[in-house]
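First comes the structure, then the notes that go with it.
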Amino acid sequence: MTSNNEILFERAQRSTPGGVNSPVRAFRSVGGTPRFITRAEGPYFWDADNRRYTDYIGSWGPAIVGHAHPEVVRAVQEAAARGLSFGAPTEGEIEMAETLCRLVPSLEQVRLVSSGTEAAMSALRLARGATGRDLVIKFEGCYHGHADSLLVKAGSGLLTFGNPTSSGVPEDFARHTMVLDYNDSQALEDAFARVGERIACVIVEPVAGNMNLLPATPEFLQTMRRLCSAHGAILIFDEVMSGFRVALGGAQSLYGITPDITVLGKVIGGGLPVAAFGGRKDIMRHLAPEGGVYQAGTLSGNPVAVAAGMTTLKLVQTPGFYEDLGARTTRLANGLSQAAKETGVAFSAASVGGMFGLYFAEKVPQNYAQMMACDKARFNAFFHAMLDEGVYLAPSAFEAGFVSAQHTDEVIDATIAAARQAFEATK
Ligand SMILES: *Cc1c(COP(=O)(O)O)cnc(C)c1O
């Protein structure tokens, strides 16, 4: 019997490149047919064959209170009934900005936008405008959306400038981005010693989640903070994924480090398009209409999206929310490690707050090279075995996973039991 997912995928490929609106959804890395989702509730979603999956991507992070949370859905319905978009300011946007500034330590002012890409791109322009410098430092394996300056990988020699990772990005743009190794403090020291006076900003995922889960070492972030301050460069924490995911105050609250600019997205929209960037007032005042750095958006601060985001931010402030989420996620990581051990599979797992990483390697990787050395073939076999068991993991060996508040101990224990079968099947 042909699956409805296959029929839909065939059809989608005729009208959309690769059949998807964002590449990882196409299952190219793991092979097979993407599942077309028809509805979701709590920790589950259902595909076009009406098969239920326990969902561990949560829309890549936003679904932190679980899918279709009744309070979020009601807030969206009520906001929609009042009008979808005005192109003029609303009180909801003030409330959102006030809430973000209260909860995220480094924020004095924010601007709302519609995607993480847009927020990171705008943060970069702001950093360049505020410093009058062009050079950007980023780290191999970190993802900051698809702005030209950020789709860059390391050049051939040490401390050379980057090469584009996408066609269509002019080499002249990539020349202004230097790509260093994550968790390598010495490389940062060397870069600042050489060109410190030309560096506009350093942008980093303080808990990296786009090369699987890889937390920064405290020393790496401290070195970055010290060097940026000493050389007048702006430190940008891209917390699009880690914000409201690893802790209420984001990774910056866990590490006790204050970036100059913070980029947010994912959770703050609760499943609708809201992202933000913000920081110190003396930096933010460079933005139009106050300053000379131009940035704008027709749908920025959209009232329906803000309603979803604000309700989600209200729910995550429930006392004990992150303690519970962290405990559930740890239970999952430990349970999977234990199941792998029992079946004799070389595997490790780690978690930070509501984010986790699965590694087909004996030990949890500490840098990009170790991450890339994980057994991708094993992961792919495991991914499909889990899918057969009704568990939907990220369809790539190099993506993080996400737990929601609706993933109860029972749901997680069922996943661990499924994993025991899947490890056994992939030995
Ligand atoms: C998802 C993500 C982005 C891009 O956000 P979009 O909303 O997909 O444009 C940027 N930075 C990080 C760290 C992300 O995880």
Review point. Any idea how far the Cα center of the stretch 231-297 sits from the one of the stretch 203-226, in Å?
Key: 15
Exercise for review: Could you work out the relative contact order of the stretch 71-316, using alpha carbon pairs under 8 angstrom and six or more residues apart, expressed as a whole percent?
Suggested key: 29
Revision key, fill the gap. Non-local residues with an amide H under 5 Å from the amide H of Val391, with H modelled 1.01 Å from N and Pro and chain starts lacking one, are Thr54
Exercise for review: Only Lys, Arg, Asp and Glu count, each charged at its Cβ (+1, +1, -1, -1), so figure out the dipole size of the stretch 71-316 about its Cα centre, rounded to 20 debye.
Suggested key: 200
Review point. Gain in length, Leu299 to Ser229, computed as 0.36 nm per residue apart minus the alpha-carbon separation, to one decimal in nm?
Key: 21.7 nm
Study note, to complete from the structure: Computed on Cα atoms, the radius of gyration and Dmax of the stretch 71-316 in angstrom are 17.7, 57
Revision key, fill the gap. Rounded to the nearest whole number, the per residue volume of the convex hull around the C-alpha atoms of the stretch 1-80 in Å³ is 123
Check your understanding: Lys138: which lysines have alpha carbons under 22 Å from its alpha carbon, excluding same-chain residues fewer than 8 sequence positions away?
Key -> Lys153, Lys266
**Study point:** Estimated FRET transfer efficiency (Ala48, Glu410; beta-carbon r; R0 30 Å; 0.05)
**Key:** 0.65
Check your understanding: Separation between the Arg285 and Glu98 pseudo-spin-labels, each 7 Å from Cα along Cα→Cβ, expressed in nm?
Key -> 2.3
Exercise for review: Just tell me which lysines come within less than 28 Å, Cα to Cα, of Lys341; anything on the same chain fewer than 8 places away is out.
Suggested key: Lys363, Lys376, Lys427
Check your understanding: Under a point spin-label approximation (7 Å from Cα along Cα-to-Cβ), what is the Glu91-Thr258 distance to one decimal in nm?
Key -> 3.2
Exercise for review: Express the relative contact order of the chain as a whole percentage, based on alpha carbon pairs under 8 Å and six or more residues apart in sequence.
Suggested key: 21
Check your understanding: Once the piece of chain linking Ala369 and Lys153 is laid out straight, how much longer is it, given 0.36 nm per residue of separation minus the C-alpha distance between them?
Key -> 76.4 nm
Review point. How big is D, in µm² s⁻¹, for the stretch 3-139 by Stokes-Einstein at 25 °C and 0.890 mPa s if Rh is the Kirkwood radius over C-alpha pairs?
Key: 129
**Study point:** Residues with amide H under 5 Å from that of Ala275, placed H, sequence gap 5 or more
**Key:** Val113, Ser114, Ser115
Revision key, fill the gap. Of the convex hull enclosing the alpha-carbon atoms of the stretch 235-363, the direction-averaged projected area in nm² is 10.1
Exercise for review: Hey, can you grab everything whose amide H is under 5 Å from the amide H of Ile234? Only 5+ residues off in sequence or another chain; H modelled, so Pro and N-termini drop out.
Suggested key: Cys201, Val202
Practice item. Kindly put His144, His67 in sequence by how many other C-beta atoms sit within 10 Å of each C-beta, fewest to most. Key: His67, His144
Practice item. Please work out the ratio of the alpha-carbon Rg of the stretch 41-104 to 2.2 N^0.38 Å and round it to two decimals. Key: 1.47
Check your understanding: Among Lys314, Lys266, Lys281, which comes first, then next, by fewest other beta-carbon atoms within 10 Å?
Key -> Lys281, Lys314, Lys266
Exercise for review: Could I get the Rg over Rh figure for the chain? Both from C-alpha atoms, Rh via Kirkwood, rounded to two places.
Suggested key: 0.96
Practice item. Determine, for Thr16, Thr298, the number of other Cβ atoms within 10 Å of each Cβ, and report the residues in order from fewest to most. Key: Thr298, Thr16
Exercise for review: Determine by what factor the alpha-carbon radius of gyration of the stretch 149-238 differs from 2.2 N^0.38 Å, reporting the quotient.
Suggested key: 1.06
Exercise for review: Taking the dipole about the Cα centre of the stretch 343-427, with the C-beta of Lys and Arg at +1 and of Asp and Glu at -1, give me whichever of Met371, Ile416, Pro395 is farthest to the positive side.
Suggested key: Met371
Check your understanding: Given the rule -39500 (n - 2.57) for each run of at least 4 DSSP H residues, summed and divided by the residues of the chain, what is its mean residue ellipticity at 222 nm, to the nearest 500 deg cm²/dmol?
Key -> -12000 deg cm²/dmol
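We did not get these values from a lab; they are worked out from the coordinates using the rules stated. None of these values were measured; they are calculated from a predicted model. Counting neighbours? That spans all protein chains shown, and the Cβs are built from the backbone with ideal geometry, glycine included.
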